[in-house]
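Everything below concerns the one structure shown next.
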Amino acid sequence: MGLAMSRWLGSPRLKKTDLQSCKSGSRFSRYSTPPPARLAWILDSAPLPVPGSEMGVPSGGDWSPQHCSPNFSVSADRRSVRRRPAECSTDVARGSRGWGSGLHVWEVRWAPGERGSHAVVGIATEHCPLQAPGYTALLGQDAESWGWELGSNELRHGGVLVGQYPHTLGEEEWAPEPPLAVPPTLLVVLDADAGTVGFAVDGHFLGVAFRGLPRRPLYPAVSSVRGDGTVTLRYLAGMSRQPLALTSMCTLRVRQMAGKDKLPLPPRLQRLVQPCSACNQEDSPFSTAKRP
């Protein structure tokens with residue numbers, strides 16, 4: 001049976017059905033990088049439940065009221081922060097939990113019309129400053145934070161412009177290009193074991209943005225200069241350093257190859273390979289469906 005299934009999966013009619021081809025209309029598609037196996041598994045799985053559900057609360061999926069600039073107010077459920085109007089100030093909001101090991105993916109929702117001139121998404125240590133005078137990209141301004149400025153597509157760390165992101169696949173050097181408009185929702189991918197962080201947009205993993213991260217807790221963070229802007233945080237999933245089980249790797253490969261095709265398999269195997277753990281497909285982190 002296994003040999004027959006492998007032969008059927010290798011048939012030409014399945015070669016063109018994969019994650020990137022079904023979302024090739026995005027301007028980010030040319031920068032898409034094949035995600036590592038652990039990340040591919042997370043992105044193909046159902047997100048963790050939102051706070052208040054009967055299944056529990058996401059691990060670290062909220063903002064910390066104690067680690068935000070005074071110009072940020074945190075919502076009652078701690079999933080959103082809103083920056084109050086304040087002149088000549090740049091402000092940082094930080095998540096409630098950081099990670100020094102494992103692979104972690106969270107979602108940031110920030111409407112383009114509420115970002116202003118220096119909207120930065122990234123990660124920070126517990127020592128990152130939360131406020132600075134003037135208007136600047138505060139996240140990435142020192143050695144305690146790493147940030148992607150959404151308007152300019154620039155990467156910043158240690159007060160230095162590191163480069164432009166995303167890079168063309170296979171391109172090591174920074175080649176300046178016109179900035180891409182980042183949509184309201186993006187994913188942050190922290191691989192604390194490998195010491196890297198990257199981003200995913202429009203269903204495309206854009207590759208590593210920063211390398212050589214320290215082995216200590218790193219927190220979700222944003223910095224903003226615009227008043228009345230709201231940023232929402234949602235932790236999607238995490239995974240330890242252990243490699244995927246062979247069953248998981250096989251299941252993932254079947255999903256990637258088959259796409260939406262219904263496989264001629266027994267009901268038990270159908271349930272095993274059903275995408276996104278039989279959840280609503282709109283809940284998939286890489287779904288192109290519009291959320292309310």
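The values are calculated or read from the model by the stated rules, or taken from the named source; none is laboratory data. For clarity, every value in this text was computed on a predicted model and none was experimentally measured. FYI the Cβ positions are ideal-geometry reconstructions off the backbone, even for glycines, and counts take in every protein chain you see. Side chains are part of the model used for accessible areas, which takes the heavy atoms of the whole protein and leaves out ligands, DNA and RNA. Shrake-Rupley method; radii C 1.70, N 1.55, O 1.52, S 1.80 Å.
Which whole-number value in Å² is the accessible area per residue of region 57-239, probe 1.4 Å?
So region 57-239 comes to 38 Å² accessible per residue, rounded to a whole number.
At 1.4 Å probe size, put C68, C88 in order of accessible surface, largest to smallest.
C88, C68
Could I have the simple spin-label model distance between S152 and R97, label points 7 Å from Cα toward Cβ, reported in nm to one decimal?
About 3.4 nm, to one decimal.
Which length gain, in nm to one decimal place, applies between R216 and R84 when the Cα-Cα distance is subtracted from 0.36 nm times their residue separation?
Gain on extension, R216 to R84, equals 44.4 nm.
Would you please name the chymotrypsin sites (Phe, Trp or Tyr not before Pro) within region 124-215 that are DSSP coil residues with at most 16 other C-beta atoms within 10 Å of their C-beta?
Here the chymotrypsin sites (Phe, Trp or Tyr not before Pro) that fit, given the DSSP loop and packing criteria, are Y135, W174.
Between V160 and D77, what FRET efficiency comes out of the Förster formula 1/(1 + (r/R0)^6) with R0 = 30 Å and r the beta carbon distance, rounded to 0.05?
The calculated FRET efficiency here is 0.25.
Given V208, G140, G100, which one lies farthest toward the positive end of the charge dipole of region 57-239, if we put +1 on the Cβ of every Lys and Arg and -1 on the Cβ of every Asp and Glu?
The one lying farthest along the dipole's positive direction is G100.
Diagonalise the Cα gyration tensor of region 57-239 and give the resulting equivalent ellipsoid semi-axes, square root of 5 times each eigenvalue, largest first, whole Å.
22, 19, 15
Full extension from Q131 to R27: what is 0.36 nm times the residue separation minus their Cα-Cα distance, to one decimal in nm?
Here the answer is 34.1 nm.
How high is the relative contact order of region 113-217? Use alpha-carbon pairs under 8 Å, at least six apart in sequence, and give a whole percent. Could the numbers behind the result be given before it?
Values: 184 pairs, mean separation 18.4, N = 105.
RCO, region 113-217: 18 percent.
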